[in-house]
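Single-structure report; data block below.
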Amino acid sequence: MRYMNPFVTEVDFASGELSAPGYVIQRKLSDMASMYADEAAARRTLADEGDRLIYEVQGVELPDEEGQIPHCTTRILPGRIGDEYHMTKGHYHARREQGEVYFGLSGRGCLVMQTETGETSVVQMVAGSAAYVPPFWAHRTVNVGDEDFVFFSVWEARAGHDYGTIERDGFRKLVLMRDGQPTVVDNPRIS
Ligand code: S6P
Ligand code: ZN
């Protein structure tokens with residue numbers, strides 16, 4: 001563990017932009033078409049409208065060492081693929097015993113969580129919501145509003161990210177538009 005200097009980052013609540021991002025990740029529809037429940041709708045959207053930005057992450061660069069506390073913003077653009085709202089890929093932490101805190105900065109979203117033993121939870125997030133992702137819970141965020149949904153995340157550096165389990169199995173709960181409203185439904189692909 002090395003000493004390093006303290007620093008501050010300015011965060012734009014509306015856009016999620018950091019004053020000096022150490023990295024920026026953009027996830028487009030083409031990166032995650034197979035993660036949408038209606039994959040045919042995703043492929044049709046790509047063919048008819050071309051690719052689109054689904055979400056962007058801006059974070060500070062920190063050493064990958066135990067005790068470091070990485071933090072970043074995520075901005076999910078509004079929109080749907082078929083009936084399903086724009087969302088992040090979602091992941092378990094590679095070290096399942098590491099939790100995380102999400103803080104809503106602007107817009108309106110859902111935080112979809114599940115455990116490997118079959119429990120599920122979906123909580124609402126708005127500006128000012130501090131949501132806790134306990135150890136062992138996979139997490140995905142969904143923009144259910146008409147404007148950008150932006151939140152701030154804080155986790156432990158050695159948590160790591162396991163995307164493969166969700167890519168293979170999906171989430172048990174989906175957030176779809178039903179009668180114009182965000183509605184949580186069971187994922188028909190998971191019995
Ligand atoms: C990191 C934390 C978030 C997500 C971000 C993008 O542990 O949960 O910063 O990385 O919201 O989601 P995803 O699923 O593509 O990493
Ligand atoms: Zn995480």
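A few notes on this one:
- The residues of region 101-133 that are buried (at least 17 other Cβ atoms within 10 Å of the Cβ) and free of Cβ contacts under 8 Å to residues at least 40 places away in the same chain, listed by number, are LEU111, MET113, MET125, ALA131, VAL133.
- Verdict on GLN98 being among the polar types (S, T, N, Q) and open to solvent by 20 Å² or more (accessible area, probe 1.4 Å): yes
- With a requirement of 2 or more residues that are within 13 Å of ligand 2 (Cβ to nearest atom) and of a type in the set (A, V, I, L, M, F, W, C), the strands (runs of 3 or more DSSP E) lying completely within region 80-134 that satisfy it span 108-114, 130-133.
- Only listed residue being open to solvent by less than 60 Å² (accessible area, probe 1.4 Å) and touching a Ser or Thr at 6+ places or on another chain (Cβ under 6 Å), chosen from TYR55, TYR85: TYR55
- Taking residues in region 148-168 that are closer than 19 Å to THR117 by Cα, and partners anywhere that are open to solvent by 10 Å² or more (accessible area, probe 1.4 Å) and more than 9 Å from ligand 1 (Cβ to nearest atom), the pairs with Cβ atoms closer than 6 Å and at least 6 places apart or on different chains are ASP162/ALA94.
- Within region 55-84, residues that are over 26 Å from GLU147 (Cβ atoms) and free of Cβ contacts under 8 Å to residues at least 60 places away in the same chain reach partners that are assigned to a strand (DSSP E or B) and open to solvent by 40 Å² or more (accessible area, probe 1.4 Å) with beta carbons closer than 8 Å, at six or more positions or on different chains, in the pairs GLU61/TYR23.
The values are calculated or read from the model by the stated rules, or taken from the named source; none is laboratory data. Since the model is a prediction, treat every value here as computed from it, not as a measurement. So basically every Cβ, Gly included, is an ideal-geometry build from the backbone, and we count neighbours across all protein chains shown. Accessible surface areas use protein heavy atoms only, side chains included; no ligands, DNA or RNA. Shrake-Rupley method; radii C 1.70, N 1.55, O 1.52, S 1.80 Å.
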